[in-house]
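The values are calculated or read from the model by the stated rules, or taken from the named source; none is laboratory data. Nothing here was measured: the structure is a model prediction, and the numbers come from that model. Every residue, glycine among them, receives a Cβ derived from its backbone with ideal geometry; neighbour counts consider all protein chains shown. With ligands, DNA and RNA removed, areas are computed over all heavy atoms of the protein, side chains included. Shrake-Rupley method; radii C 1.70, N 1.55, O 1.52, S 1.80 Å.
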Amino acid sequence: MSADHVHPVNFDPADAGHDPHEPHEHRAVRIGIGGPVGSGKTALTAALCRALGGSVNLAVVTNDIYTTEDADFLRAAGVLDVERIEAVQTGACPHTAIRDDITANLDAVELLEHRIPGLELVIIESGGDNLTAVFSRGLVDRQVFVVDVAGGDKVPRKGGPGVTTADLLVINKTDLAPMVGADLGVMTADAHRMRGDLPVISQSLVDTPDAPAVAEWVRAQLRTLAAVS
Ligand SMILES: Nc1nc2c(ncn2[C@@H]2O[C@H](COP(=O)(O)OP(=O)(O)OP(=O)(O)O)[C@@H](O)[C@H]2O)c(=O)[nH]1
Ligand SMILES: [Mg+2]
């Protein structure tokens, strides 16, 4: 796919003079959030904005196939100022724009870095995709993979690079476990077996709307990455 078909859709005319490929000194930490359709990526992104927005200078890039639905949701939720949210329309399978041709996402990140002085963190939400979709390490410094309980307790043991290699696996919607007959003990045990020492967080955004455990993990990544840069 060419970059002509994958583009940030809400460029502000005020950014028109900006060449995203121009070298610049400041680079924000980039954290990708991926996972199957409807697992709770946008809800987690909103929760992180609420939890971290007061103390971390952050922005968000959303990816949707044909719409700007997720960016629209975040704007409407009022979790961030609108100039801190950029939408990329992938026009194809979401993994294309986060793994194969990351140009539009890089452009969106660099636009935000240009627009917001001292930007520390950019959260990039992938479009919902299957268990094989992961971010290029050229796009993100860390990646979170979100699966949900409603998909059944078999999901972690099905594996795939998101489940096995993401820097953090989130098992979301634990409040729904009794409704769908999912065994959280099995999910957690399978997740740890598939991932070795990599961390797993189980959460419900109904019970803990600000995702405190994931927010703490993000803070730890910011400290680690700031120390090595
Ligand atoms: N019960 C429950 N619902 C949740 C939880 N987290 C998210 N949801 C709901 O699940 C639905 C899908 O959440 P989204 O955040 O839109 O999921 P997504 O992964 O961004 O979806 P796509 O971007 O379309 O792939 C929404 O109705 C959320 O309100 C949770 O922990 N518990
Ligand atoms: Mg979403």
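For the ranges 142-151, 74-83, what's the packing order if you count other beta-carbon atoms within 10 Å of each residue, average per peptide, and put the highest first?
Details: 142-151: 24.5, 74-83: 15.0.
The most tightly packed comes first, giving 142-151, 74-83.
What distance in nm lies between label points placed 7 Å from Cα along the C-beta direction at ALA77 and LEU176?
According to this spin-label approximation, the distance is 1.5 nm.
I want to check the label-to-label distance for ASP207 and ASP167. Put each point 7 Å from Cα in the C-beta direction and report it in nm to one decimal.
The two pseudo-label positions are separated by 2.7 nm.
In nm, to one decimal, how far is the ARG137 label point from the HIS26 one, both placed 7 Å along Cα→Cβ?
For ARG137 paired with HIS26, the spin-label model returns 2.8 nm.
So which residue, out of ILE116, ILE171, ILE85, gets the largest mean-square fluctuation from a GNM of the chain using Cα contacts under 10 Å as springs?
Residue with maximal mean-square fluctuation among ILE116, ILE171, ILE85: ILE116.
Once fully extended, how much extra length lies between SER55 and ALA92, figured as 0.36 nm per residue of separation less the alpha-carbon to alpha-carbon distance?
Value of the extension gain: 9.8 nm.
What's the FRET efficiency of ARG219 with LEU198 using the Cβ-Cβ distance as r and R₀ = 25 Å, to the nearest 0.05?
0.90
In square angstrom, what is the accessible area per residue of the chain with a 1.4 angstrom probe? Don't skip to the answer; put the middle values down first.
On the way: 9780 Å² over 229 residues.
Ligands and nucleic acids excluded, the result is 43 Å² per residue.
Report the charge-dipole magnitude of the chain in Debye, nearest 20, computed about the Cα centre from +1 at each Lys and Arg Cβ and -1 at each Asp and Glu Cβ.
With Lys and Arg at +1 and Asp and Glu at -1, about 880 debye.
So what's the net charge close to GLY35: Lys and Arg +1, Asp and Glu -1, counting the other residues with Cβ under 12 Å from its Cβ?
Around GLY35, the surrounding residues sum to -1.
How big is the antiparallel share of DSSP beta bridges in the chain, given as a percent to the nearest 5? Don't skip to the end; give the middle numbers.
Numbers: 2 of 29 bridges.
If I count the DSSP bridges inside the chain, around 5 percent turn out antiparallel.
What does the charge add up to near GLY196, with Lys and Arg as +1, Asp and Glu as -1, over the other residues with Cβ less than 13 Å from its Cβ?
-1
When N counts the residues of the chain, how does its alpha-carbon radius of gyration compare numerically with 2.2 N^0.38 Å, as a ratio?
That ratio works out to 0.97.
How much length, in nm to one decimal, is gained on full extension between LYS154 and ARG115, taken as 0.36 nm per residue of separation minus their Cα-Cα distance?
So the extension gain works out to 9.7 nm.
How high is the relative contact order of segment 28-211, in percent, counting Cα pairs under 8 Å that sit 6 or more residues apart? Each step should come with its number before you reach the end.
Working: 392 pairs, mean separation 50.9, N = 184.
This gives 28 percent for segment 28-211.
Gaussian network model of the chain, Cα springs within a sub-10 Å range: biggest mean-square fluctuation belongs to which of THR45, THR174, THR62?
Answer for the Gaussian network model of the chain: THR174.
Mind giving me the FRET efficiency for TYR66 and ASN130? R0 is 22 Å, r the Cβ-Cβ distance, nearest 0.05 is fine.
Computed FRET efficiency for TYR66 and ASN130 comes out at 0.80.
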